[in-house]
Amino acid sequence: MQKQINREFYKYISLNVLGMLGLSCYILADTFFISKRLGADGLTALNLAISVYSIINGLGLMLGIGGATRFAICRAQGEKEKGNQVFAASAVAGITVGIVLLLIGLAGSDAVAGMLGAEGNIQKMTGSYLKTILGFAPFFIMNNILIAFVRNDGSPRLSMAAMLTGSFSNIVLDYVFLFPCNMGIFGAALATGFAPVISIGLLSLHFIRGKNQFTWSSPMGALCCRVRDICSLGISAFINELSSAVVLIVFNLLILHLAGNTGVAAYGIVANLALVAVSVFTGISQGSQPLISRFYGEGRKKESAAVFVRAAILAGAVGIFFSVAAFAFTGNLVGIFNGEGNRELAEIAFWGLRLYFLGFCPAGVNIVAAAYMGAVEKGRESFAIAFVRGVAAILFFAFLLSFIWKMDGIWLAFPAAEISTLLLTAWFLKRYKNPVLPPVEK
């Protein structure tokens, strides 16, 4: 039994990490090709616009992970029809939210760009990117929902293949649209928008081949209750992405004041490299979620907790690796995205990368812990961990430390927030008498 659990654990983890790494190529490809083709102005526009992409992605992850978690619990408890209703509720909510975002993009992308701090030519570039990305919002959201359900329906390889295929198509189309076609930042956004469409096409094989154990079942009688339940279980994933958007916006505004557009471009390099690390942590947390939810639904809480412990240890080790790599290869990593050889940009990004990446060891543990809490129906604790690390703590430290140490304080806000959140995570695990840690003594 233990060997089977080990095999399943490493299968789900490895496939999801690979898939999430592929997804991170969405933005890395944009960053690389835009830096080569459009320079620092293009990087600034991308970094201002990418916060909106994080919100879109977060909504899709919340509905996908939350719905798939409830679906896995229902299936483990033999409630097939209820699981079908959960899928339908996730899909209805995803399509509705996607259409709303599409309309916002058509009507107000330029206004949103201005609210994000863009001005002049950069505002035009940012608005163009936003309009295109928001136009594909329904596909981004539905892609995340289908990936999560197909993975929890026993097809993690297909989920991984869909994520990787979409991401690699984005890389190819980025090059084609930006260089031979010379379509500017619109081309970069269009390439990113096509990626979920291609991914959904591949995921449809799960249904065409008849391997799906869930089908459409009208949830209309209890739609609001279902959606509320789904959101509560997937809230940590949304907060993680929302926090990225909020932090990007606040950091951009602070950095514009401290170091101008060049500073924002430097932050774009650091933030987009950080996406790779976060994608690995997300892959670990999402890979462990189906096992945790299944064991929890079957009443096997010790096995559920054991999966979390392994995932947390793995995430912490990966975080240490990323921190060491950031110190060892700082110049090389920054140089990849500094096509113009801008010395000021390189200097700001050099120290930013080293200081920012100090936070990735505790960040990995926090992300996995938040996902674990959601997978075992502790939605409030999951929300608290995600909100503190992603919004409250990092914004507090950003304002405080930037006042004291200027740009260095901006970079140090991330590790300070993650370390403080780790204390909250440990307290929750003890406070709620979790099998992972001994309960608090009275």
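The values are calculated or read from the model by the stated rules, or taken from the named source; none is laboratory data. None of these values were measured; they are calculated from a predicted model. Backbone-built Cβ (ideal geometry, glycine too); neighbour counts: all protein chains shown. Areas reflect the complete protein model, heavy atoms only, side chains present, ligands, DNA and RNA absent. Shrake-Rupley method; radii C 1.70, N 1.55, O 1.52, S 1.80 Å.
Tabulated data
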read-out	value
Selected residue (criterion: nearest to PHE9 (Cα to Cα)) from residues of the stretch 322-351 that are touching a Leu at 6+ places or on another chain (Cβ under 7 Å) and assigned to a helix (DSSP H, G or I)	SER323
Residue match in the stretch 255-263 (condition: farther than 30 Å from GLY341 by Cα, open to solvent by less than 20 Å² (accessible area, probe 1.4 Å) and part of a helix (DSSP H, G or I))	no
Residues being free of Cβ contacts under 8 Å to residues at least 60 places away in the same chain and under 22 Å from ILE284 (Cβ atoms) - total across the stretch 345-403	8
Selection within the stretch 96-105 - hydrophobic (A, V, I, L, M, F, W, C) and in contact with a Gly (Cβ under 7 Å, 6 or more places away or on another chain)	LEU102
Selection from the stretch 412-428 of residues that are β-branched (Val, Ile, Thr) and either open to solvent by 30 Å² or more (accessible area, probe 1.4 Å) or more than 26 Å from LEU254 (Cα to Cα) (or both)	ILE419, THR425
Selection count, the stretch 210-231, where residues are of a type outside the set (D, E, K, R) and open to solvent by 50 Å² or more (accessible area, probe 1.4 Å)	9
Looking only at the stretch 53-91, and only at residues there that are in contact with a helix residue (DSSP H, G or I) (Cβ under 7 Å, 6 or more places away or on another chain) and among the polar types (S, T, N, Q), the one that is farthest from ALA245 (Cα to Cα)	GLN77
Filter result for MET142 (under 30 Å from ALA76 (Cβ atoms), open to solvent by 10 Å² or more (accessible area, probe 1.4 Å) and touching a Leu at 6+ places or on another chain (Cβ under 7 Å))	no
Selected residue [of a type in the set (Gly, Ala, Ser), farther than 30 Å from GLU340 by Cα and in a helix (DSSP H, G or I)] from GLY42, GLY127, GLY66	GLY66
Test: residue in the stretch 308-321 that is in contact with a Leu (Cβ under 6 Å, 6 or more places away or on another chain) and either assigned to a helix (DSSP H, G or I) or open to solvent by 60 Å² or more (accessible area, probe 1.4 Å) (or both)	no
Complete set of residues in the stretch 325-337 that are open to solvent by 70 Å² or more (accessible area, probe 1.4 Å) and closer than 14 Å to LEU355 by Cβ	PHE327
The stretch 343-370, residues that are in contact with a Gly (Cβ under 8 Å, 6 or more places away or on another chain) and closer than 22 Å to PHE32 by Cβ	ALA346, ILE348, PHE350, PHE360
Residue, farthest from ILE56 (Cα to Cα), within the stretch 166-199, restricted to residues that are surrounded by fewer than 18 Cβ atoms within 10 Å (Cβ to Cβ) and β-branched (Val, Ile, Thr)	VAL176
Long-range neighbours under 6 Å by Cβ, at least six apart or interchain, first residue farther than 13 Å from LEU63 by Cα and in contact (Cβ under 8 Å) with a residue 60 or more places away in the chain within the stretch 82-94, second open to solvent by 10 Å² or more (accessible area, probe 1.4 Å) and not small (Gly, Ala, Ser)	GLY83/ARG75; ASN84/THR215
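A quick yes/no check of all residues on (1) outside any helix (DSSP H, G or I); (2) more than 27 Å from SER14 (Cα to Cα):
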site	(1), (2)
GLY154	yes, no
SER159	no, no
PHE168	no, no
VAL172	no, no
VAL176	no, yes
GLY187	no, yes
